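See structure below.
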Amino acid sequence: MEANIVLLPGDGIGPEIVAQAKRLLEGVATKFGHSFTTSEHAIGGNAIDAFGDPLPQSTIDACKASHAILLGAVGGPKWDDPTARTRPEVGLLKIRKELGLFANLRPIQTYPELVDASPLRREIVEGTDILFFRELTGGIYFGKSGRRPHPSGEEAFNEMVYSTGEVERIVRMAARAAQQRRGKLTSVDKANVLEVSRLWRQTAERVMKEEFPDVAYDVVLIDSMAMHLISRPRDFDVVVTGNMFGDILTDEASMLPGSLGLLPSASLGSEGPGLYEPIHGSAPDIAGKNVANPLATFLACAMLFRHSLGLTAEAVAIEEVVAATLKAGYRTKDIAAGGPSISTSEMGDVVLQQMTA
Ligand code: IPM
Ligand code: MG
C-alpha cells in the first residue's frame, strides 16, 4: 500500500515522540512491504511563532491531501498569556472542525504490569477496557460565545447546541464499535437539566431501538458517571457523550490505567483522513530531555493503521510489540515507579527491534 501521512509534531515533547513514531512507521513499511510518504507541518505554539497562526493554511491543505495525520501535542507556558491574540489550542479545535472530525475515540485499557501505578486499587481497575466516543466538533466548545456589559461589570456566555444529525452520527459510530466489542453502549448526558441533553437522549434512544436492537443500551447522567467511572469502571464497554462531558470524563478515565503515557486517541469523520495523537499533552517540563514516553504515540500509529488505512495486521503487530515491551520490563521514567528506566529513543530502539525481528 502507498499512503501519505502528515506528521504534526507540535510543541513540547511532541517533536521527540513523533520522531520515534516516524521510525516506527518506516519499520512497519519495511516489514509489511508498504510505502509511506511523510511530511511535517506546523501546528500550535511553534506555528504561532513561525506564522502568527496556530493552524496555517499550508498545514490545513497538507492534512486535507493526506490519508492520515499523526499529531504530537500542542501548547506550553510560552503561549499561555490569557490576553494573547491567539492560543495553540485554537489550532487543535480548528483542525478538528476543518476536517470534520466529529468523533474522538479514546480507548482506556489497563496493562497488567502497570495496574499498581493506578491511584485506584487493583481490584477495582484490573481488566478495565472502555472505548469512549466523545463528540468533537459541536456542543459548547463550538457554540456562539461572547461578552456583554452587565451592571456588575460584564457577563460572558457560551451557547451549547446539538442537532439531531450530530447526535445520530456519533451514536451510530459508537454503536457499531459496541457490536464489535462486548455489545454494550452507555450514553452520558444531563437530561435532568439541559434541553440539549433531552434532544441527545431522545435521539440516541431512537437510533439504538431502531437500528441496534442487539446492543445493550443504557443512559447515565454525567455527574453519576463521574462516580461510576472510579467505583465500577469494569462495567463499561463503549461510552458515547458530548464534547465537554467527554473532555472531562476521558481525562478522569485516563487516570484509571495508572499511565497516561500509554493512551492514544483517534479523531474521525465520516470520510477523509483521521487524526491520531497521544492524549498526554506537550509536557513542557520534560521537553527536549529525551525522557518522554513514546508508547502512546506508537499506539496512536496502531489506531491510524486500523482506522484510516484498514491495515489491521499492522495495528495488531504494534499493539503486541508494545505489550511485549512492557512485559519484558522496559520502562520510560514516567512508568518506572522509581526503578531503572530507558530514554525516549532507547524505547524507540527496543520497539523497532522487536517489530522488525
Ligand atoms: C483534549 C484537549 C483539548 C480539548 C484542548 C487542548 C482544546 O483537552 O483534546 O481533550 O479540550 O478538546
Ligand atoms: Mg481534554
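Whether a residue is among the polar types (S, T, N, Q) and in contact with a strand residue (DSSP E or B) (Cβ under 7 Å, 6 or more places away or on another chain) was assessed, and T164 does not pass this test. When segment 280-321 is filtered for residues that are among the hydrophobic types (A, V, I, L, M, F, W, C) and farther than 17 Å from A19 by Cα, the ones remaining, listed by number, are M303, F305, L309, L311, A313, A315, V316, A317, V321. A search for C-beta distances below 8 Å between a residue of segment 300-329 that is of a type in the set (K, R) and any residue that is in a helix (DSSP H, G or I), counting only pairs 6+ apart in sequence or on different chains, returns R306/T312; R306/A315; K327/E113.
Determine whether E211 is among the acidic types (D, E), free of Cβ contacts under 8 Å to residues at least 60 places away in the same chain and more than 24 Å from M160 (Cβ to Cβ). Criteria met by E211.
Which of the helices (runs of 4 or more DSSP H) found entirely inside segment 1-111 contain at least 2 residues meeting this: touching an Asp or Glu at 6+ places or on another chain (Cβ under 9 Å) and more than 16 Å from ligand 2 (Cβ to nearest atom)? Qualifying helices (runs of 4 or more DSSP H): 14-32, 45-51, 57-64. Only helices (runs of 4 or more DSSP H) whose full extent lies in segment 265-357 are considered here, and the ones with at least 3 residues that are among the small types (G, A, S) are 295-307, 312-327.
Taking (1) touching a Leu at 6+ places or on another chain (Cβ under 9 Å); (2) in a helix (DSSP H, G or I); (3) within 16 Å of ligand 1 (Cβ to nearest atom) in turn, F245 satisfies each apart from (1).
Note on segment 120-153: among residues that are part of a loop (DSSP other than H, G, I, E, B) and within 16 Å of ligand 1 (Cβ to nearest atom), the one that is nearest to R176 (Cα to Cα) is L136. A residue that is in contact (Cβ under 8 Å) with a residue 12 or more places away in the chain, crowded, with 22+ Cβ neighbours inside 10 Å and more than 19 Å from the chain's Cα centre (by Cα) cannot be found anywhere in segment 269-277. Say whether the condition of being in contact with a Gly (Cβ under 6 Å, 6 or more places away or on another chain) and not assigned by TED's automatic domain parsing to the domain that holds T137 is met by at least one residue in segment 50-59. The answer is yes, given that some residue of segment 50-59 is in contact with a Gly (Cβ under 6 Å, 6 or more places away or on another chain) and not assigned by TED's automatic domain parsing to the domain that holds T137. Scanning segment 154-170 for residues that are assigned to a loop (DSSP other than H, G, I, E, B), under 23 Å from the mean Cα position of the chain (by Cα) and of a type outside the set (A, V, I, L, M, F, W, C) yields a single hit, Y162. Checking the structure you have, find out if any residue of segment 229-243 is over 19 Å from L185 (Cβ atoms) and away from ligand 2 (no atom under 16 Å from the Cβ). Checked against the condition, which is being over 19 Å from L185 (Cβ atoms) and away from ligand 2 (no atom under 16 Å from the Cβ), segment 229-243 yields at least one hit. The set of residues in segment 320-357 being within 23 Å of the chain's Cα centre (by Cα) and among the hydroxyl-bearing types (S, T, Y) consists of T325, T332, T344, S345.
The values are calculated or read from the model by the stated rules, or taken from the named source; none is laboratory data. In this text, all values refer to a predicted model and were calculated from it rather than measured experimentally. FYI the Cβ positions are ideal-geometry reconstructions off the backbone, even for glycines, and counts take in every protein chain you see.
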